[in-house]
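Each remark here refers to the structure printed beneath this line.
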Amino acid sequence: MAEKPGDERVRQYLERAGLPPDTATTALAGDASTRRYIRVAEPTRGSLMLLVQPAPFDAETLPFLNVAALLERMDVRVPAILGSEPDLGILVIEDLGDMTIQDYLKDASADDKTRRYAEAVALIGRMQEGGRRFASSRYQPFGLAFDVEKLSWELGFFLEHFVVQHRSTALTADRRSALRDEFELLASELAAEPRVFCHRDYHSRNLMWHSRELCVIDFQDARLGPDSYDLVSLLRDSYIDHGQDFVDQMIDAFVSLIPDAGRDFGRRFDVMSVQRHLKALGTFGYQAAVAGTTRYEGDVPRTLGYLHDVFERRPRFDRLRALLAPSIPELG
């Protein structure tokens, strides 16, 4: 069997810790990332996780550690940092188990689902309020933003990896130019929104249910962005279907927590949804066409369905829809 990235470094970690090779019992894939999670059973500390980074790191600048410290100040539950081996590119973190909110919902009642999602919405409010309280250049998210350049890059990624590669489209120069014009309008509108702290990937696979508490993971890419960003990620989740009534209920809960969010929020939520869905489709297309994995193929129809629904509600996207539909007939 071919070795996976980081296997040799994990072996070196186990040797340093005086642990046998079979101590590393489980490998978990990071969600569409180059990070890996290796579960280790230690005699003294019990089960813990090795978070294997793509390469060695400087602990002073590693985004995971920087953002974890910020979230802890916000009183957001994240995995505890138990140690590190920077030269091996390994962090030792608390093992939060395997129960993501996606898994939790498989056996949850409707009331349980509502409670968990109300808690998740409240955590968004806590992170946004904490972002205002603890804004500082010492924390990396405050030096990053969903600006026009970043938003446009993600839309360009979608164009190349989903439309061109995944859907095997040969774009004419005129159509490519017209799509870029539409993307620029979308990116400019979103970049002009007031910016708050965003987790950036706040969905059912990055929320853990551990010891009867909601815990947040995969937060290392946090940055500033529109107040709707994390809520769109949560409620228009590519991995779970939520009915519109439930989505509306959670949007109302969010607006009640964040009074400033009430400004035309339904429209702004939909505009953010379009960019977020296109970005997700770009990731799925890349994973299929470049990385060679079919892991996300089942999530494409749901994401396209969300996008179709927004296009039905919002005539302002008619031109973008018409430009995409020849390659993505599901949007027609």
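Derivation of every value follows stated rules applied to the coordinates shown; laboratory data play no part. Everything quoted here is computed from the prediction, not taken from an experiment. FYI the Cβ positions are ideal-geometry reconstructions off the backbone, even for glycines, and counts take in every protein chain you see.
Observations on the structure shown:
- Helix-derived mean residue ellipticity, 222 nm - over the chain, DSSP H n ≥ 4, -39500 (n - 2.57), to 500: -14000 deg cm²/dmol
- Structural descriptor for the chain: relative contact order 17 percent, calculated from alpha carbon pairs under 8 angstrom and at least 6 residues apart.
- Springs between Cα atoms under 10 Å define the GNM used for the chain, and in it the highest mean-square fluctuation of 170, 289, 80 occurs at 170.
- Charging the Cβ of each Asp and Glu at -1 and of each Lys and Arg at +1, and nothing else, the dipole of the stretch 1-139 about its Cα centre rounds to 460 debye.
- The distance separating the Cα centre of the stretch 220-249 from that of the stretch 118-180 comes to 13 Å.
- Most positive-pole-ward Cα, 331, 18, 127, against dipole of the chain from beta carbon charges: 331
- P(r) for the stretch 7-94, from all Cα pairs and a bin width of 5 Å, is 3, 13, 25, 26, 19, 10, 3, 0 %, short bins first.
- Candidates 213, 94, 160, ranked by Gaussian network fluctuation over the chain, Cα under 10 Å, top entry: 213
- Debye, to nearest 20: dipole size of the chain, +1 on Lys, Arg Cβ, -1 on Asp, Glu Cβ: 360
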